[in-house]
1. Looking at this structure, is Arg20 among the basic types (Lys, Arg), in a loop (DSSP other than H, G, I, E, B), out of contact with any Pro (no Cβ under 6 Å at 6 or more places or on another chain) and at pLDDT 85 or above?
2. Out of the residues in the range 83-111 that are of a type in the set (Gly, Ala, Ser) and closer than 14 Å to Arg62 by Cα, which is surrounded by the most Cβ atoms within 10 Å (Cβ to Cβ)?
3. When you check Ser140 against the structure, is it polar (S, T, N, Q), modelled with pLDDT under 85 and farther than 27 Å from Gln31 by Cβ, yes or no?
4. Can we say Val6 is in contact with a Ser or Thr (Cβ under 7 Å, 6 or more places away or on another chain), modelled with pLDDT of 85 or more, more than 25 Å from Pro116 (Cα to Cα) and not polar (S, T, N, Q)?
5. Among the residues of the range 43-59, is any crowded, with 16+ Cβ neighbours inside 10 Å, among the basic types (Lys, Arg), closer than 29 Å to Leu115 by Cα and free of Cβ contacts under 8 Å to residues at least 24 places away in the same chain?
6. Scan the range 91-116 and report the pairs whose first residue is under 18 Å from Phe73 (Cβ atoms) and at pLDDT 85 or above and whose second residue is of a type in the set (Ser, Thr, Tyr) and part of a strand (DSSP E or B), with Cβ atoms within less than 6 Å and a gap of 6+ or a chain change.
7. In the list Asn58, Asn8, which residue meets the criterion of being part of a helix (DSSP H, G or I), of a type in the set (S, T, N, Q) and over 15 Å from Ile98 (Cα atoms)?
8. Restricting attention to the range 41-50, does a residue exist that is closer than 21 Å to Ala99 by Cα and charged (D, E, K, R)?
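The values are calculated or read from the model by the stated rules, or taken from the named source; none is laboratory data. Since the model is a prediction, treat every value here as computed from it, not as a measurement. All Cβ positions, even for glycine, are placed from backbone atoms using ideal geometry, and neighbour counts span all protein chains on display.
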Amino acid sequence: MVIDEVANYTRHPDRKARERFEAELLAIASQGAKFGIRLWLLTQKPSADVLTTAIRTNLSARICHRVDTVEDFLHLFPDGRELDITAADRTMPQGVSIASVGDMRSPVRLRSVYLPTESCWQINDLMCTAGLKVRELPASVDLGKAA
């Protein structure tokens, strides 16, 4: 389950709506893994007013791209001061992040695909031109024999 721009919901101006969302989010974060649910919360700035400690401690995967301050990094990686790596490094190249997934003992540097904004717009235009249709598999692909 992916929630993009989670801050839109955790900082919603309607207090009751925000509280309902946070209660459901906490239930998914704390109980979802045993049902096969993996939760990915995306946000521009992972501060305490966006991700509460209760939710943050229940996340099994954390990926942090370059951030402005050590405090931003420490919010996702509380033991970050003891690490040899940090995402609070303005020289860290685009597409490189710090990641901790599953039962990794220590976070590692991760290189991911970096697409410039223009490429994202081109992909979006192509998808819209195609009517967002799912393409059929080529006739030569036999899923029964694929291993």
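1. On the way: among the basic types (Lys, Arg): yes; in a loop (DSSP other than H, G, I, E, B): no; out of contact with any Pro (no Cβ under 6 Å at 6 or more places or on another chain): yes; at pLDDT 85 or above: yes.
No, not satisfied.
2. Ala87
3. It is true that Ser140 is polar (S, T, N, Q), modelled with pLDDT under 85 and farther than 27 Å from Gln31 by Cβ.
4. So Val6 does not fit the description; no.
5. Yes, there is a match, as at least one residue in the range 43-59 is crowded, with 16+ Cβ neighbours inside 10 Å, among the basic types (Lys, Arg), closer than 29 Å to Leu115 by Cα and free of Cβ contacts under 8 Å to residues at least 24 places away in the same chain.
6. Filtered contacts from the range 91-116: Pro107/Ser100; Leu110/Ser97.
7. Details: Asn58 fails: part of a helix (DSSP H, G or I).
Just a single option satisfies the conditions, and that option is Asn8.
8. Looking through the range 41-50, at least one residue is closer than 21 Å to Ala99 by Cα and charged (D, E, K, R).
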